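Data first, discussion second: the structure below is written as structure tokens.
The values are calculated or read from the model by the stated rules, or taken from the named source; none is laboratory data. The model shown is predicted, which means the values in this text are computed figures rather than measured ones. No Cβ is skipped: glycine too gets one built from the backbone with ideal geometry, and neighbour counts run over all protein chains shown. Just the protein is used for accessible areas: all its heavy atoms, side chains included, with ligands, DNA and RNA removed. Shrake-Rupley method; radii C 1.70, N 1.55, O 1.52, S 1.80 Å.
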Amino acid sequence: MVDYHAANNQASGGGPQTYMEQENDWDRDLLLDPAWEKQQRKTFTAWCNSHLRKAGTQIENIEEDFRDGLKLMLLLEVISGERLPKPERGKMRVHKINNVNKALDFIASKGVKLVSIGAEEIVDGNAKMTLGMIWTIILRFAIQDISVEETSAKEGLLLWCQRKTAPYKNVNVQNFHISWKDGLAFNALIHRHRPDLIDYDSLRKDDPVTNLNNAFEVAEKHLDIPKMLDAEDIVGTLRPDEKAIMTYVSCFYHAFSGAQKAETAANRICKVLAVNQENEQMMEDYEKLASDLLEWIRRTIPWLQNRTQEKTVNDMQAKQEDFRDYRCVHKPPKVQEKCQLEISFNTLQTKLRLSNRPAFMPSEGRMVSNINGAWHTLEGAEKGYEEWILSEIRRLERLEHLAEKFHQKAAIHEAWTDGKEAMLTQKEPDTTTLSEIKALLRKHEAFESDLAAHQDRVEQIAAIAQELNELDYYDSANVNARCQKICDQWNVLGALTQSRKESLKNKEKQLESIDELYLEYAKRAAPFNNWMESAMEDLQDMFIVHNIEEIQGLIAAHEQFKATLTEANEERKAIQAIQANVPKIAQSNNITLTGSNPYTTITSENIDEKWAKVFELVPRRDTALQDELNKQNSNDELRAKFASQANKVGAYIKAKMEEIGRISIEMNGTLEDQLTNLKDYQDSIVSYTPEINTLEGYHQLIQEALVFDNKYTPYTMEHLRVSWEQLLTTIARTINEVENQILTRDAKGISQEQLYEYRTSFNHFDKVRASEPSRLDFGVPFVSVNPVLFGCQGDAEFGRIMSIVDPNGTGAVTFQAFIDFMSRETTDTDTADQVIASFKILAGDKNFITAEELRRELPPDQAEYCIARMAPYTGPDAVAGALDYMSFSTALYGESDL
């Protein structure tokens with residue numbers, strides 16, 4: 001007996017040309033289950049006859065009618081469409097074996113590996129071997145070419161059944177045996193494709209015989225599928241024969257293959273349209289969000305560029321509070337919107353690349369670069385506005401201090417000049433004695449001394465007024481008027497003083513005596529009185545400081561002043577002693593005193609009162625300086641608190657930025673794990689927000705305390721705000737990159753292992769991530785991932801690759817561009833040609849399609865989507881209502897794909 005299995009292996013060389021091994025070897029030492037053998041006989045016989053009848057013949061007994069090999073060769077010619085070698089017509093056993101061997105040789109030429117089946121068994125009528133041979137033929141010619149969504153043969157047929165019967169109640173196809181016992185699955189397959197033939201709702205799960213007979217009779221009558229099994233055979237078996245069921249079901253698959261093509265085409269079109277609809281919605285959302293953000297920036301920048309000066313510190317502090325509200329309340333949501341906008345743009349571009357669509361080009365002025373440029377302008381205006389507010393507060397604070405000082409000095413001077421013009425213009429009576437004239441002259445000399453002492457105050461008043469003008473004080477007009485009045489009056493006093501002096505000098509020649517004691521008293525009392533007035537003025541003078549060193553300087557100056565009080569007191573006593581000697585000398589010389597000291601209006605009482613006032617003001621000044629010192633100490637504590645928090649926050653942000661850099665390179669696990677870990681990492685960073693808010697609180701306290709410098713930290717609030725926003729944006733972008741990788745993986749069918757291989761290769765050759773790898777560096781990862789595809793290419797091919805992954809010629813390639821290219825080169829995707837072919841199927845091979853055909857084949861929303869966008873077809877074979885599906889498909893992908 002010929003061992004055909006060995007002969008087949010020898011003929012084929014045992015190479016890879018074999019189709020597949022049979023699912024279960026037909027062991028010659030085992031017998032089939034009798035019930036299964038019965039089912040296989042019926043099913044295989046009916047299947048063979050469904051093909052043999054095309055040649056005008058049939059078989060009655062499967063193991064008898066194939067023994068001479070003639071009908072077996074005829075069957076193979078019918079199902080393959082090919083001619084076999086001419087059979088031998090002799091009746092001898094050797095002729096039969098030769099014919100069967102010719103049939104088995106043909107089966108082997110189709111890549112089928114027969115196991116333990118030889119021509120002798122078939123010629124001898126071995127039922128088990130004959131059934132095994134027919135099952136091998138069925139597998140090769142009826143089941144092998146079935147393909148559904150990247151699964152084929154048995155798995156593809158099972159997936160097809162599951163998809164078709166999924167909507168039906170009481171149907172759950174998990175195998176090719178017990179899932180079909182109640183007959184509902186057969187009826188569901190027919191109803192799905194020909195609902196006019198089956199009343200599915202009338203079928204009952206508890207009546208399997210009726211269900212099976214109904215399906216078999218309808219299939220035989222209307223679908224040209226012969227009845228291959230009896231309902232009783234299936235119901236009466238604990239587990240129907242899998243091969244018999246598969247054979248029967250494959251006939252349903254091939255009967256509905258035409259509808260399957262149309263459905264596949266419709267599904268492809270629906271998928272493409274759904275992608276396009278989703279992309280268009282994302283484009284609309286991007287345009288609206290970009291417009292809203294740009295409009296907000298456009299409205300905000302003029303407000304930040306407004307430099308309208310206010311008149312008071314309180315008004316400017318109100319502006320500062322508005323700016324703080326803008327930074328803490330209004331801007332943060334816009335930062336999130338800007339980040340979301342960039343993420344949406346990147347996600348959209350990824351979706352477009354994955355679906356072979358042209359890149360999205362936002363309308364003019366709404367590119368991400370435009371938004372970044374506007375944002376940069378906004379932040380520049382923001383920085384300038386904050387600096388301007390602080391400088392204005394300092395300027396106004398300085399102005400208010402100077403204005404107060406001006407008015408205080410002016411009031412003191414005006415009080416001093418009050419009545420001086422009248423005094424200088426008064427006329428002496430003719431009866432004035434020589435002594436009285438001399439007294440008047442002495443008095444005038446004392447006035448001149450007093451006038452000279454006030455010269456410095458007038459100059460100070462004028463200098464303060466000039467500074468107020470230079471600093472653009474809002475009430476400069478009144479200040480200038482008052483200053484001018486003081487200067488004019490000062491000039492008048494000077495002229496009057498000179499005139500009166502000349503008048504008294506003329507009369508001095510007639511006067512001989514003068515009371516030297518009065519004169520000495522007047523000369524010493526006047527400057528001392530002026531010193532006390534200056535001291536009182538200084539003790540009441542307002543002061544403004546910004547740090548501890550400045551207040552310590554004022555305290556030191558005050559201590560020096562207090563050290564001079566002892567010497568001043570001695571001077572006061574000496575002056576008072578002069579005044580006390582006047583009556584003694586007058587009495588000793590029999591002089592009658594008729595009035596007060598004629599040379600001065602300053603009395604001992606005046607000096608004592610002012611001296612007491614000075615001593616009263618000294619402790620007040622002590623208290624004021626101490627309060628200011630306490631305030632500056634408090635401000636220093638605020639600086640220290642802010643600095644401590646700022647240093648901690650700054651270090652945290654720097655550490656997190658470095659961690660993100662490492663994470664983006666060293667991510668392990670599945671993309672979903674990476675995404676979960678990154679989001680957890682993002683949550684941990686967001687949970688740090690209270691620390692930022694605490695720092696903002698310290699910053700607000702510092703600004704309210706008018707503290708403008710901080711020697712304890714190099715960080716500013718502005719710098720930390722920008723760093724914090726950059727940290728949040730960076731982690732959000734990293735998450736978006738992983739999400740886009742998931743999109744790429746799912747859309748392109750890339751396995752986790754492939755994606756890991758891409759990432760590992762990219763990271764290995766990404767020498768300096770901060771500057772991106774060079775063009776030369778990037779030749780290596782392409783070859784390392786796919787040496788067959790890229791390893792033997794020349795400079796032209798490498799140039800083509802770089803033009804795709806680096807279209808702008810920057811010399812840098814991102815991981816997203818790398819993985820997009822690799823997935824595009826190594827996976828299959830929908831193309832414009834495929835979509836056109838799908839529409840052509842729905843249109844029945846016409847070059848146009850009608851609205852009725854679209855509504856019949858596609859879901860309502862997608863049908864209307866196509867109808868609204870398809871242009872009328874104007875070709876020579878056009879009919880009424882014809883639509884151009886070719887130009888529509890071209891528009892979906894761009895001209896380049898066609």
>> Once R0 is set to 45 Å, what does the formula 1/(1 + (r/R0)^6) return for the Cβ-Cβ distance between Arg395 and Ser435, expressed as a FRET efficiency to the nearest 0.05?
In response: 0.15
>> Per residue of region 676-682, what does 6.51 cos²θ - 1.76 cosθ + 1.60 with θ = phi - 60° give for ³J(HN,Hα)? Whole Hz please, x for Gly and Pro, Karplus curve as stated.
In response: 4, 4, 5, 5, 4, 5, 4
> Can you pull the percent of region 267-398's accessible area that's carbon plus sulfur, 1.4 Å probe, other chains left in place?
Replying inline: 53
>> Could you sort Phe888, Phe141 by their accessible area in this structure, using a 1.4 Å probe and putting the largest first?
In response: Phe141, Phe888
> Points 7 angstrom from Cα along the Cβ direction at Arg298 and Asp285: gap in nanometres?
Replying inline: 2.4
>> Contact order normalised by length for region 187-240, with contacts defined as Cα pairs under 8 Å and 6 or more residues apart; what percent is it?
In response: 27
> So for region 97-183, taking the charge dipole from beta-carbon charges (+1 Lys/Arg, -1 Asp/Glu), which of Ile117, Leu104, Thr165 sits furthest toward the positive end?
Replying inline: Thr165
>> For the ranges 233-240, 97-104, what's the packing order if you count other beta-carbon atoms within 10 Å of each residue, average per peptide, and put the highest first?
In response: 97-104, 233-240
> Can you give the charge dipole size of region 832-893 about its Cα centre, rounded to the nearest 20 debye, using +1 on the beta carbon of Lys and Arg and -1 on the beta carbon of Asp and Glu?
Replying inline: 40
> Gain in length, Ser604 to Ala705, computed as 0.36 nm per residue apart minus the alpha-carbon separation, to one decimal in nm?
Replying inline: 31.7 nm
> Semi-axes of the equivalent ellipsoid of region 629-748: what are they in whole Å, largest first, if each equals the square root of 5 times a C-alpha gyration tensor eigenvalue?
Replying inline: 39, 11, 10
> So what J values fall out for region 480-496 if you push phi through Karplus, 6.51 cos²θ - 1.76 cosθ + 1.60 with θ = phi - 60°, rounded to Hz, Gly and Pro as x?
Replying inline: 5, 5, 5, 4, 5, 5, 5, 5, 4, 5, 5, 5, 5, 4, x, 5, 5
> Tell me, what is the FRET efficiency for Arg89 and Arg163 to the nearest 0.05, using R0 = 51 angstrom and their Cβ-Cβ distance as r?
Replying inline: 0.55
> Check Lys113: other-chain or 5+ apart residues with amide H under 5 Å from its amide H, H built from backbone geometry?
Replying inline: Tyr19, Met20
>> List residues of region 287-314, by number, whose backbone nitrogen lies under 17 Å from a label position 7 Å along Cα→C-beta of Glu337.
In response: 287-304
> Based on the inverse mean of 1/r over its pairs of different Cα atoms, what is the Kirkwood hydrodynamic radius of region 297-417, in Å?
Replying inline: 18.2
> How large is the accessible surface per residue of region 832-893, computed with a 1.4 Å probe and reported in Å² as a whole number?
Replying inline: 47
>> I'd like the FRET efficiency for Ile742 and Met657, computed as 1/(1 + (r/R0)^6) with the beta carbon distance as r and R0 of 25 Å, rounded to 0.05.
In response: 0.55
>> Using each residue's phi in region 120-130, evaluate 6.51 cos²θ - 1.76 cosθ + 1.60 at θ = phi - 60° and report the 3J(HN,Hα) Karplus result to the nearest Hz, with x for Gly and Pro.
In response: 4, 4, 5, 5, 7, x, 5, 4, 4, 5, 5
> By per-residue mean of other Cβ atoms within 10 Å, what is the highest-first order of 852-859, 266-273, 487-494, 358-365?
Replying inline: 266-273, 852-859, 487-494, 358-365
>> Can you tell me the length gained on complete extension of the stretch Gln466 to Glu448, counting 0.36 nm per residue apart and subtracting the Cα distance?
In response: 3.8 nm
>> Quick check: the distance between the Cα centres of region 309-358 and region 207-241, to the nearest angstrom?
In response: 69
> Starting at 0 and stepping by 5 Å, how many percent of the alpha carbon pairs of region 337-379 end up in each bin?
Replying inline: 5, 22, 26, 22, 14, 7, 3, 1
> Gain in length, Glu459 to Asn808, computed as 0.36 nm per residue apart minus the alpha-carbon separation, to one decimal in nm?
Replying inline: 118.7 nm
> Amide H to amide H under 5 Å from Asp884: which residues, 5+ apart in sequence or cross-chain, H placed 1.01 Å off N in plane?
Replying inline: Ala871, Tyr873
> So how far apart, in nm, are the two label points at Asn172 and Asp683 if each is 7 Å from Cα heading toward Cβ?
Replying inline: 3.4
